[in-house]
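**Q** Before we start, here is the structure in question, set down as structure tokens.
Computed from the coordinates by the stated procedures, all read-outs in this text should not be read as laboratory data. Please read all numbers here as calculations on a predicted model, not as lab measurements. So basically every Cβ, Gly included, is an ideal-geometry build from the backbone, and we count neighbours across all protein chains shown.
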Amino acid sequence: MVKNYNRLMFPVFFSVGAVLGCGNAHAADTIVEALSGGKVSGQLRYRYEWVDAENIAKEANASTLRTRLGYMTGDYLGIAAFVQLQDVSVIGSELYNSTVNGRTEYPVVADPKGSQVQQAFLSYSGLPATVFKYGRQAINLDNQRFIGTVEWRQNAQSFDAFTVTNTSLPDTTIFYGHVSNVNRVFGNNSTQGNLDMSSELLNIAYKGFAPVSIAGYGYFLDYGKNQLPATSFSNTLSNKTLGLRFDGGYKPEAMGTKFLYTAEYAKQSDYADGASTVDGNYMNLMVGVDVSNVQVKLHYEKLGGDGVYGFATPLATLHAYNGWADKFLVTPRDGLQDVFLSASTILAGVNLTAMYHKYSSDNLGYDYGSELNLQAAKKINKSLVLTAKYAAYSGDKNADNLARNSTAALARDLDKFWLMADVQF
């Protein structure tokens, strides 16, 4: 475990011990009832991922299994505890580059094997409409575009944090979090696996208007000065992001069509030790319709770039955005404009999704490439979901794309295919 986590979690486990060690018979009986009234949760998720990258001769064939086991106690005087253990194992040969196994002859599949404590926190709900959490936990805000757990990866992201969630105002959720460390998808054996920080997260969401939900947020990311030498998170990249999001749908009376829409804007600038070059803006627009169980949406998303700095979303569930091929996990210095069309429906109990992306730079306006995404998912029963998924990125080999992006990565084609079986209880 990383040093920050040990420092954070020691008072958590000490507090658990103090609660369980209360000295009279009545208190002990109450704690026993709380423990016996707890809930066990678990997951077995097998996934096969195939990757064909234009610049790598060998194809990746990653066969992995994620196993999780969790336990949430019952409440005692408003106090509860949750622990979740996780193991990621390779089934068969390790024919992929996990980013830590040295198999660089294969394309990257960022699912390193290993075991860890995925979550471990104390919660307190003794105050009206308020929940406090302290420890390693999952944090997912809004659509996870800025803060999320990246559940798609076998080793999901978690946060060592203190958080408060309050719902005392009608239709309003106020969230505050102080984050001291981010446990990233690359695992503890990677120099990129842990992100030391002292950051504040604030999100206020209001759902009192039927046609639209509103969220305002401020994320203040202060990266530590003592990152490992190979990490990409210098303290000079510390930034603050202030934004406002509108999202909803409207169905006129006597019409079978529901109109869908999203509008979001955010501004990012330097914070704490951040350099003055940290400056960018974000825009997300969507219009769509839902007719007879078929949704069609037109999207425009911009992450600004000026040739020096690209708008950053390092704590997001990145796989869900800008194409499933994951070519834009880091925003290019020239920024990104993603125009895409999505369609989804349910046919014979199978959820079908298709998307087509067209990517270009915000600065200079040249093309990066295009991408096709396809997915089919079937819920077999309340516990089991089967998924097949495909992504095909076609890079544009124009002169600017070749010259301005590191190793011409955005000009290279990339294909990925997944098969997954997910059992949860």
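**Q** Along the Cα→Cβ direction, 7 angstrom out, place labels at Leu127 and Ala354. What is the inter-label distance in nm?
**A** Result for the modelled spin labels: 5.2 nm.
**Q** Order these by the 10 Å Cβ neighbour count, fewest first: Tyr393, Tyr250.
**A** With the sparsest Cβ surroundings first, the list reads Tyr250, Tyr393.
**Q** Given (i) 45, 22, 19; (ii) 32, 24, 21; (iii) 35, 26, 25 as candidate values of semi-axes √(5λ) of the Cα gyration tensor in Å, which corresponds to the one derived from the coordinates?
**A** (iii)
**Q** Rounded to the nearest 20 debye, what is the charge dipole size of the chain about its Cα centre when +1 sits on each Lys and Arg Cβ and -1 on each Asp and Glu Cβ? Walk me through the numbers on the way to the answer.
**A** On the way: 35 positive and 38 negative charges, 140 e Å.
Once rounded to the nearest 20, the dipole reads 680 debye.
**Q** So what is the calculated 222 nm ellipticity per residue for the chain, using -39500 (n - 2.57) for each DSSP H run with n of 4 or more, over all residues, to the nearest 500 deg cm²/dmol?
**A** Calculated mean residue ellipticity at 222 nm is -2500 deg cm²/dmol.
**Q** Taking the Cα-to-Cβ direction at Ser234 and at Tyr250 and moving 7 Å from each Cα, how far apart do the two end points lie in nm?
**A** Result: 4.8 nm between the two label points.
**Q** So, in nm, how far is label Leu202 from label Ala421 when the simple model puts each one 7 Å beyond its Cα toward the Cβ?
**A** According to this spin-label approximation, the distance is 4.9 nm.
**Q** Just order 377-385, 407-415 by mean Cβ neighbour count inside 10 Å, highest at the front, would you?
**A** My ranking of the peptides, most packed first, is 407-415, 377-385.
**Q** Separate question: If you filter segment 29-135 for GluC sites (Glu not before Pro), then keep DSSP loop positions with at most 13 other Cβ within 10 Å, what is left?
**A** Of the GluC sites (Glu not before Pro), the ones in loops of segment 29-135 whose Cβ has at most 13 other Cβ atoms within 10 Å are Glu105.
**Q** Positive end of the dipole of the chain, charges at C-beta (+1 Lys, Arg; -1 Asp, Glu), about the Cα centre: which of Ala138, Ala354, Ala312 has its Cα farthest in that direction?
**A** Farthest towards the positive end: Ala138.
**Q** Calculate the dipole size of segment 335-425 relative to its Cα centre from +1 charges on Lys and Arg beta carbons and -1 charges on Asp and Glu beta carbons; express the result in debye to the nearest 20.
**A** About 440 debye.
**Q** Still on this structure, please answer the following. With unit charges on the beta carbon (Lys/Arg positive, Asp/Glu negative), name the residue among Met255, Ser383, Ala421 whose Cα is farthest towards the positive pole of the charge dipole of the chain.
**A** Result: Ser383.
**Q** Arrange the peptides 130-142, 260-272 so that the one whose residues have, on average, the most other Cβ atoms within 10 Å appears first.
**A** Result, highest mean first: 130-142, 260-272.
**Q** Going Cα to Cα from Lys225, which aspartates and glutamates come in below 14 Å? Please leave out same-chain ones fewer than 8 positions away.
**A** Result set, ordered by chain and number: Asp196, Asp273.
**Q** List the lysines whose alpha-carbon lies under 25 Å from that of Lys378, not counting same-chain residues fewer than 8 positions away?
**A** List returned: Lys258, Lys297, Lys389, Lys416.
**Q** Straight-line reach from Lys302: which lysines have a Cα under 23 Å away, not including same-chain ones fewer than 8 places off?
**A** In chain and number order, the partners are Lys240, Lys267, Lys327, Lys358, Lys397.
**Q** Would you mind checking which residues have amide H under 5 Å from Asn194's amide H? H placed 1.01 Å from N; only 5 or more apart, or other chain.
**A** Residues meeting the amide H criterion: Arg184.
**Q** Rounding to the nearest 10 and keeping the result within 0 to 90°, find how far the Cα-based axis of helix 3-20 lies from the longest principal axis of the chain.
**A** Orientation of helix 3-20: about 30 degrees from the principal axis.
**Q** Putting +1 on Lys and Arg Cβ atoms and -1 on Asp and Glu Cβ atoms, find which of Ser93, Ala266, Tyr217 reaches farthest to the positive end of the dipole of the chain.
**A** Of Ser93, Ala266, Tyr217, it is Ser93.
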